[in-house]
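A quick write-up on the structure given underneath.
The values are calculated or read from the model by the stated rules, or taken from the named source; none is laboratory data. Note that the coordinates shown come from a computational prediction; the quantities given were computed from them, not determined experimentally. When we count neighbours, we look across all protein chains shown, and the Cβ atoms used for this are built from the backbone with ideal geometry, even at glycine. These accessible areas exclude ligands, DNA and RNA; they are computed on the full protein's heavy atoms, side chains included. Shrake-Rupley method; radii C 1.70, N 1.55, O 1.52, S 1.80 Å.
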Amino acid sequence: MFSLLRRDRRAGATLAAVLAAAALLLAVLPGVARGQSMAPAWPTKPIRLVSPFNPGGAIDVLNRIIAEKLSQRLGQQVFVEAVPGANTIVGADVVAKAAPDGYTFMITTMSTHVNNTVLFKKLPFDPVKDFTPITQVSLGSVLLTAPGTANYSDLKGFVAWARQQSRPISYGSWGIGSSANVYGEILARDHGVSLTHVPYKGEQPAITDVIGGSLDVTFASPVGAKPQVQSGKLKALGMTGPVRSSAMPDVPTFGEQGFKGFELPIWVAAYAPAGTPRAIVDRLQKEIAAVTHMPDVLQKMIEQGQTPLGNTPEEFATAFAKDAPKWIEYIRASGAKPE
C-alpha cells in the first residue's frame, strides 16, 4: 500500500544507488566481454524463459511469441514458465537463484530493476549483482482508458469530470509500484484530481471492471485495450510515451494534450543470472534482436504498443544510466513509497 508522503533523505539515497548501479554496469560489462572464456556448445537442452507476469498479460504474450521463434532459431525448445507475484519480484528471484548456464533467463519490464528498488524496502536479490543484462527488447507505451459510456473522451474532459465528483476516482494498474501506479500518482499530484489506486494481478481484470462500472479508469496496454476500444466498450483517453503509438495512431499522447511527465517510455528487457557466460549472453542478444525484427513478430509488437530494440548489453547499460534516474525522479515526485 502506498501513500503520498514528503520527500526524505532516503529518496536521494535511492537515486544515488541507481546511478552507482548504472556506473557499475558500464564499468564491468566491457571487462567481462574481454575476459570471459567461450562457453561450451549451447544449447543442448530446453531453455526456460521465466515470465514474471500472469498468463495472458501483454508481456507474457510477448514472451510466448519470442519463445516460439527462439525455439526455431536455437534448435531447442524455449518454454515459458509464468511465475507471477509481488510486481515481478517472485519470478525475478527464481532467475537470480538459477544456475548461470544459459538455460534460464527472463524477459520483464523496467519495474523489476528500477521501480522495485525504490518501492520495496527489501528485495530477495540484488538487482545489479545477481543478474546479467542481455538486451532491452523493446520500448513501450500504455494508455489510460475509461468506460465507453463516459461523458468525456480525452484527458481534459476526464480531469474536469473527476473534479466534479464528490468521491475519489478509482484507477487501476497491474500492481503496486508498477509504472501505471506511478503514472496515476503523477496525474493526481499535478492535476489536482483525487485518485485511489486499485492494484490488480494483471490488466485484464481491471479492464473488465472498468467496462462493468466498478472501476472508473485504468491504464492498459494497446493489446489489452484495443479490441474493447474498437467495440466501443472502452474509450482511449491518452497514450504515454514521447510519440504516438503505431498500435493506435489515432490516440494522442499525454504530452500532446498538455499533460507533462508521461514522456518516458516503459522498457522491456531480458536478463540472465549473474555469471552466465558472455558467449551465451551475446548469442541470446543477437537471436532476440533478430526475432523481434521479423515482420510477423514486429507487427504483433506494434499491436502491443512495443517498439523493438535488441541493443547490446553495453548499450543497455548506457540507456539504463540515462533513463533510470529520470524514472526515479518521477517516482519520488509522485510520493509513492512503501509504508
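Backbone amide hydrogens, once placed in the peptide plane, bring Thr104 within less than 5 Å of Arg48, excluding anything fewer than 5 places away on its chain. Counting only residues at least eight positions apart within a chain, or on another chain, the lysines with an alpha carbon under 29 Å from that of Lys129 are Lys45, Lys97, Lys121, Lys201, Lys286, Lys322, Lys326, Lys337.
The stretch between Ser166 and Lys121, if pulled fully straight at 0.36 nm per residue, gains 12.8 nm over its current Cα-Cα span. Hydrophobic, long helices, defined as DSSP H runs whose alpha-carbon span along the helix axis is 20 Å or greater and whose mean Kyte-Doolittle value is at least 0.0, occur in the chain at 9-35, 58-74, 278-292. DSSP assigns beta bridges within segment 169-299; of those with both partners inside it, close to 0 percent run antiparallel. Placing unit charges on the Cβ atoms of the charged side chains and taking the dipole of the chain about its Cα centre, the candidate lying farthest along the positive direction among Val118, Gln285, Phe158 is Val118.
Calculated accessible area for segment 116-170 comes out at 44 Å² per residue, all protein chains present (probe 1.4 Å; ligands, DNA, RNA ignored). By DSSP, the beta bridges lying fully in the chain are antiparallel in about 60 percent of cases. Placing pseudo-labels 7 Å out from each Cα toward the beta carbon at Glu329 and Ala274 gives an inter-label distance of 2.9 nm. Estimated purely from DSSP H runs of n ≥ 4, each contributing -39500 (n - 2.57), the mean residue ellipticity at 222 nm for the chain is -13500 deg cm²/dmol once divided by its residues. Projecting the Cα atoms of Leu234, Met301, Pro265 onto the charge dipole of segment 188-302, computed from C-beta unit charges around the Cα centre, puts Met301 farthest toward the positive end. Here the extension length gained between Glu315 and Arg189 equals 42.0 nm, from 0.36 nm per residue of separation less the Cα-Cα distance.
When the solvent-accessible area of segment 44-159 is split by element, carbon and sulfur atoms take up 53 percent of it, the probe being 1.4 Å. The charge dipole of the chain, taken about its Cα centre with unit charges on the Cβ atoms of Lys, Arg (+1), Asp and Glu (-1) only, comes to about 480 debye. Length gained on full extension, Arg244 to His293, computed as 0.36 nm times the residue gap minus the Cα-Cα distance: 15.7 nm.
In this calculation the C-beta distance from Lys286 to Ser71 is compared with R0 = 22 Å, giving a FRET efficiency of 0.90. In square angstrom, what is the accessible area per residue of segment 233-339 with a 1.4 angstrom probe? For segment 233-339, the solvent-accessible area averages 36 Å² per residue.
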